[in-house]
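My structure is below; once you've seen it, I'll send some questions.
The values are calculated or read from the model by the stated rules, or taken from the named source; none is laboratory data. Keep in mind that this is a model prediction, so the values were computed, not measured. Don't worry about glycine lacking a Cβ; one is built from the backbone with ideal geometry, like all the others, and counts go over all protein chains shown. These accessible areas exclude ligands, DNA and RNA; they are computed on the full protein's heavy atoms, side chains included. Shrake-Rupley method; radii C 1.70, N 1.55, O 1.52, S 1.80 Å.
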Amino acid sequence: MHESSPVADFINRFVFDPIARALGIHLVPGHHAVPDPIVMILLIALGLIIFSFWLRGRLSVENPTPAQHLLEVLLESIQNLMKEVIGPESRRFTPIIGTLAIYIFIGNVIGMIPGFISPTSNLNVTASCGLTVFVYYNYQGIRKHGFVKYMKHFGGPVIWLAPLLFLIEIISHLARPFSLSVRLFGNIFAEELIISSLNKYISPSLCPRS
């Protein structure tokens, strides 16, 4: 089942489709220039960028705003969780983990608004998040320990079990992006189906078309 968003349809019709035609791109009848999940991603990114610039000019040590208090609590919660899982060097990973946490959270809940869909209900979106994290944490591991030492830790502490453990660990690591992508996709896609069904009764004019 393909869910579409009236909001994404409107933006495509009056923004992206005209741009595509101006660039000489032929659009297949019934299809837009930009898929609906990508439109939602762009909206979320634009909203976060605008909010960041707005908040940045209002940050204050002496007179913090309620929005600043809320973000400070959120940031502290994320950093405390990271410290428990990663250790004392976790602070340098705050930008990517914090960004992903906020992006995924907004991507999940935006589908509850009539006319919108959750981009995380699309497997391509969740897979891109999973692959980004997979590449990032392996890159950081190789950067810190070196390629040979990093690969050695997959073999475990027992030499005679190293070949078997190495194979198991490699398979486990390669499966992580797939398992995380499918898990998030499945949860949010199921939510989208429920919200879509409810919207048919609450606001029929804004419910996504199947």
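Using a Gaussian network model on the chain with a 10 Å cutoff between Cα atoms, which of Pro177, Pro35, Pro114 fluctuates the most?
Highest fluctuation of the listed residues: Pro35.
I'd like the Karplus ³J(HN,Hα) series for region 5-13: coefficients 6.51, -1.76, 1.60, θ = phi - 60°, whole numbers in Hz, and an x wherever there's a Gly or Pro.
10, x, 5, 5, 4, 5, 5, 4, 5
Relative contact order, percent, of the chain when contacts are C-alpha pairs under 8 Å separated by at least 6 residues?
27
Mind pulling the angle between the C-alpha long axis of helix 123-145 and the longest principal axis of the chain? Nearest 10 degrees, somewhere in 0 to 90.
Around 30 degrees separate the two axes.
Pairing the Cα long axis of helix 94-109 with the longest principal axis of the chain, what angle in degrees results, from 0 to 90 and rounded to the nearest 10?
On a 0 to 90 degree scale, this one is about 40.
Taking 30 Å as R0, compute the FRET efficiency from the Cβ-Cβ separation of Lys83 and Leu59 and round it to 0.05.
Using R0 = 30 Å, I get an efficiency of 0.80.
While we're looking at this one, here's another question. Can you work out the Karplus-derived ³J(HN,Hα) for every residue in region 182-192? Use 6.51 cos²θ - 1.76 cosθ + 1.60 with θ = phi - 60°, whole Hz, and x for glycine or proline.
For region 182-192, the Karplus curve yields 5, 5, 5, 4, x, 5, 6, 5, 5, 4, 4 Hz.
Of the listed values [x] -0.73, -0.83, -1.12; [y] -0.85, -0.95, -1.24; [z] -0.63, -0.72, -1.23, grab the one calculated as log10 I(q)/I(0) by the Debye sum over Cα atoms at q = 0.12, 0.13, 0.17 Å⁻¹ from the structure here.
[y]
Leaving out ligands and nucleic acids, and using a 1.4 Å probe, what accessible area per residue does the chain come to in Å²?
67
What number, rounded to the nearest 500 deg cm²/dmol, is the helix-based mean residue ellipticity at 222 nm of the chain, given -39500 (n - 2.57) per DSSP H run of at least four residues and division by all its residues?
So the helix-based figure for the chain works out to -22500 deg cm²/dmol.
Also, I was wondering about something else. Please list, ordered by chain and number, the residues whose modelled amide H lies under 5 Å from the amide H of His32; skip anything fewer than 5 residues away on the same chain.
Distant-sequence amide H within range of His32: zero hits.
At most 12 other C-beta atoms within 10 Å and a DSSP loop state: those are the exposed GluC sites (Glu not before Pro) I care about. Give me the longest piece of the chain that has none.
After excluding every exposed loop site, the longest remaining stretch is 90-210.
For a quick check, take a GNM of the chain with Cα springs below 10 Å and name the residue from Ile11, Ile104, Ile171 with the largest mean-square fluctuation.
Comparing Ile11, Ile104, Ile171 in a Gaussian network model of the chain, the most mobile one is Ile171.
On a 0 to 90 degree scale, rounded to 10, what angle separates helix 66-85 from the longest Cα axis of the chain?
That helix lies at roughly 30 degrees to the long axis.
Across the chain, how many lysine pairs separated by 8 or more positions, or lying on different chains, have Cα atoms within less than 25 Å?
4
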